[in-house]
C-alpha cells in the first residue's frame, strides 16, 4: 500500500461489509463494519455518547462497536402524496424567484 492511500483500498466494495448482530436475549447490538463513512459516524457517536456507543475492536480494515439495540431501527420508506410534492415544488419555485 502506498503512503497516503486509504487502508480500505485493500478491500473491494463488495468486501466492505457491515453486520448488525443482536438477539432477543440481550439488549446489546454489535456492529461490525468495514465502511469508512459508517466508522466515522460511529466514532463521532462514541465520542459524544461514550456510555452508549463503544468501540470494542479494530484492525486494519474493520471496526466493531456495541450499543443498545433500541438505537437500531428499520424504517418504512417515506411516501409523499402528489399534493404534498406539488406544494414542495411550488415552495422551491418561490424561493428561486425570491433569490433572483
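The values are calculated or read from the model by the stated rules, or taken from the named source; none is laboratory data. The model shown is predicted, which means the values in this text are computed figures rather than measured ones. Glycine also receives a Cβ, built like all others from the backbone with ideal geometry; neighbour counts cover every protein chain displayed.
Summary of values
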read-out: Tally, over the stretch 43-100, of residues that are in contact with a helix residue (DSSP H, G or I) (Cβ under 6 Å, 6 or more places away or on another chain) and without any contact (Cβ under 8 Å) to a residue 12 or more places away in the chain; value: 0
read-out: Subset of the stretch 62-76 (residues that are over 13 Å from the mean Cα position of the chain (by Cα) and assigned to a loop (DSSP other than H, G, I, E, B)); value: 62, 75, 76
read-out: Total residues in the stretch 81-100, condition within 29 Å of the chain's Cα centre (by Cα) and surrounded by 10 or more Cβ atoms within 10 Å (Cβ to Cβ); value: 5
read-out: Counted residues, the stretch 41-61 - those being in a loop (DSSP other than H, G, I, E, B) and touching a strand residue (DSSP E or B) at 6+ places or on another chain (Cβ under 7 Å); value: 2
read-out: Sole residue being at pLDDT below 95 and at negative phi, chosen from 48, 60, 41, 54; value: 60
